[in-house]
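The structure appears right after this line, and notes come after that.
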Amino acid sequence: MPLEISSTYGAQPAPTASGPQDLGTKEVFLRMLVAQMENQDPLNPADSSQMSSQLAQFNMVEQQIDTNKYLQQMAASQGGTNGSLDTASAGYLGHTVMINESNIQFTGATQPFSASLDNNASNVYITISDSLGTPIRNMSLSSLPAGDQQLSWDGKDDFGNAVAVGDYKIDIAAFDAAGQAVAASIQRSGVVDAVRMSPSGIQLIVNGTPTSIANVTEVRI
């Protein structure tokens, strides 16, 4: 008796009501690939090189989809336009900026900063704290006029010892002649070394310390 070979090639299983109704693109592709292998014609099997090519193409498409989603999320965090991302990278990178922020990265050299006061102050107190929030230097200044005043910290603590390289924070408290608080803030300047995308938005790396792009008050050439 001649050998008989039966084949179910081309047959497709009927969908069942209990099966998944909302499969992702990857799951659909894999199920189709498995179905193709199970139901291939034994006399004319699928070309393995074509299957490998299909897998490679699908992987590339999937990676591109993930990349597009990530770019869309970054754009949405800055108002939903790619233009804002381009402006951030092209308009800030390599420029000197003034930022309204008190966090600094001490590298061993005298640290310049600016104190911005809304009104004239009779007494101004500057406090330098380490990364743990512990005050290590307290400075009392005489009267300062309203506006931006250039100050500096020599990198020493209250005992005259040089502090270690690392992250520090500068706080300011100002009072007028009547003892009323005067609105004041610390600003620092530096070169934008890099532009970083974060879940909260675009960050500028200024002298090694990250800051929100919203903190920029001035851009210099």
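The values are calculated or read from the model by the stated rules, or taken from the named source; none is laboratory data. Just so it is clear, the structure is predicted and the values come from calculations on it, not from any experiment. Cβ atoms come from the backbone with ideal geometry, glycine included; neighbour counts cover every protein chain shown.
For segment 124-152, a residue qualifies if it is surrounded by 15 or more Cβ atoms within 10 Å (Cβ to Cβ) and within 20 Å of PRO210 (Cβ to Cβ), and the qualifying residues are ILE128, SER129, ASP130. GLY91 meets the stated requirement of being modelled with pLDDT under 85 and either surrounded by 10 or more Cβ atoms within 10 Å (Cβ to Cβ) or part of a helix (DSSP H, G or I) (or both). Exactly one residue out of GLN63, GLN54, GLN50 is in contact with a helix residue (DSSP H, G or I) (Cβ under 9 Å, 6 or more places away or on another chain), more than 19 Å from LEU204 (Cβ to Cβ) and modelled with pLDDT under 90, and it is GLN54.
If the condition is being aliphatic (A, V, I, L, M) and more than 20 Å from GLY108 (Cα to Cα), then segment 187-212 contributes ALA194, VAL195, MET197, ILE202, LEU204. What's the total number of residues in segment 157-180 that are part of a strand (DSSP E or B) and closer than 19 Å to GLY133 by Cβ? So the answer is 8.
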